[in-house]
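Since the structure comes first, as structure tokens, the remarks are kept for the end.
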Amino acid sequence: MLTYDQYVLAQSLNEVFDILDAKPASRILAGATDILPWARYGRAGDVHLSSVIDVSRVPELKYIQLNGSNIGFGANTTIADFQHNPILRKHAPVLSQCAVWFADDQIREQATVAGNVVNASPAGDSQPALLSLNTVIKLIRREQGKIVERTMPLLEFILGPSKTRLAEKELVLGFECDSILNYGSAYEKVGHRRSLVISTVCMAVVAKVAQAKGSIEDIRIGIGAVGPVPKRLYALEKRLMTQSITSQLIREIAEDASDEVQSRSRQEYRREVLVNFVERAIVSALNQAGMKLTRVGEEKLYA
Ligand SMILES: Cc1cc2nc3c(=O)[nH]c(=O)nc-3n(C[C@H](O)[C@H](O)[C@H](O)COP(=O)(O)OP(=O)(O)OC[C@H]3O[C@@H](n4cnc5c(N)ncnc54)[C@H](O)[C@@H]3O)c2cc1C
């Protein structure tokens, strides 16, 4: 059970840092969709905190803005924002494709992107999509009265299940990622059941076709739930950007992607699913981006 001496609905960053300085045994909470099940179902045993600091009303953590070819969004951006915010829908549609698979309407309204990333579940759904956007995480702490910021690629931030580079008394301020206007994108997920499901495999692809239309200018593949940390498949991306694109090459790439499965449970199943997901997602993203392809063995239904 989770117990605490005080619950603070913080109204500013300074208020959050004041409490963290005064009571280090405090816990940050945003949407509470991870923390409450963690404590309530006894997964963490009995936890007593001096303070629970609810940061969901801190205005500095809630923003979504376009800066040239970059998008900035705050820690408190919700998964529902992925679906409904016009900037994200236009410039990072892979996030809304991911959100469709994420929990249900109620949870999506509460669940924040910072919570999903800091929780660092190997099955976290936002990570593959965020990695495909080259996302950088912005962290802040207060030193001698001043807010100090550091940034790092999201890929470096997540170290393992429930392990990140977040330091004590540090907060996630927000994220920055690439706009993928004029790219195609796809997101795939499977789990044990159809809804409210924990991923067994999840993945994202974003792709831009070169003007000549026969080759790929940029492609990024993020995978999750098949090992302790989410990954980018850089070597396979490079092959796709340097070789002639055929359905056969995409199938070979997809088969090679299955070597990335590290989870010990349901390994054969995960490998098979990953091959099919990678193939389908690449074909789908390239089709959206203007290159017409089919999957190996798949009949073309229309020209
Ligand atoms: C029914 C149900 C279904 C779910 N379905 C999915 C799903 O389909 N896919 C999926 O990936 N997840 C799912 N989840 C898990 C959860 O909803 C997500 O991980 C969510 O994004 C967590 O965000 P939150 O704001 O609720 O985090 P919280 O529970 O508030 O916090 C989670 C962690 O992040 C830390 N934290 C939050 N904000 C900050 C910040 N600004 N700075 C530093 N630390 C911070 C907290 O201290 C805590 O350690 C589900 C949960 C439930 C209950």
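Residues that are free of Cβ contacts under 8 Å to residues at least 40 places away in the same chain and either of a type in the set (Phe, Trp, Tyr) or assigned by TED's automatic domain parsing to the domain that holds SER121 (or both) within region 156-194 comprise GLU156, ARG165, ALA167, GLU170, listed in sequence order. Going through LEU88, LEU130, LEU155 one at a time, which residue ends up being within 13 Å of the ligand (Cβ to nearest atom), among the aliphatic types (A, V, I, L, M) and in a helix (DSSP H, G or I)? That would be LEU130, the only listed residue that is within 13 Å of the ligand (Cβ to nearest atom), among the aliphatic types (A, V, I, L, M) and in a helix (DSSP H, G or I).
Does ASN182 count as away from the ligand (no atom under 13 Å from the Cβ) and touching an Asp or Glu at 6+ places or on another chain (Cβ under 7 Å)? No, not satisfied. State all residues of region 2-51 that are closer than 23 Å to GLN106 by Cα and in contact with a Lys or Arg (Cβ under 8 Å, 6 or more places away or on another chain); if no residue qualifies, say none. Residues satisfying the conditions are LEU2, LEU9, ALA10, ILE35, PRO37. Residues considered: LYS208, LYS189. Of these, the only one that is among the basic types (Lys, Arg), assigned to a strand (DSSP E or B) and within 28 Å of GLU268 (Cα to Cα) is LYS189. Screening ILE253, ILE282 for residues that are touching a strand residue (DSSP E or B) at 6+ places or on another chain (Cβ under 8 Å), closer than 13 Å to ALA207 by Cβ, among the hydrophobic types (A, V, I, L, M, F, W, C) and modelled with pLDDT of 95 or more leaves exactly one candidate, ILE282. Does PHE102 meet the test of being crowded, with 20+ Cβ neighbours inside 10 Å, part of a loop (DSSP other than H, G, I, E, B) and aromatic (Phe, Trp, Tyr)? Yes. Taking helices (runs of 4 or more DSSP H) as the structural unit, those lying wholly within region 228-303 and holding at least 1 residues that are more than 22 Å from LEU133 (Cα to Cα) correspond to 247-257, 267-288. From VAL172, VAL226, grab the single residue that is within 16 Å of the ligand (Cβ to nearest atom), closer than 25 Å to ASP256 by Cα and among the hydrophobic types (A, V, I, L, M, F, W, C). After ruling out the rest, the residue left standing is VAL226.
Name the residues in region 21-56 that are surrounded by 19 or more Cβ atoms within 10 Å (Cβ to Cβ) and in a helix (DSSP H, G or I), would you? The answer is ILE35, ALA39.
The values are calculated or read from the model by the stated rules, or taken from the named source; none is laboratory data. Keep in mind that what you see is a predicted model, and the values were worked out from it rather than measured. We place every Cβ from the backbone using ideal geometry, glycine too, and count neighbours over all the protein chains shown.
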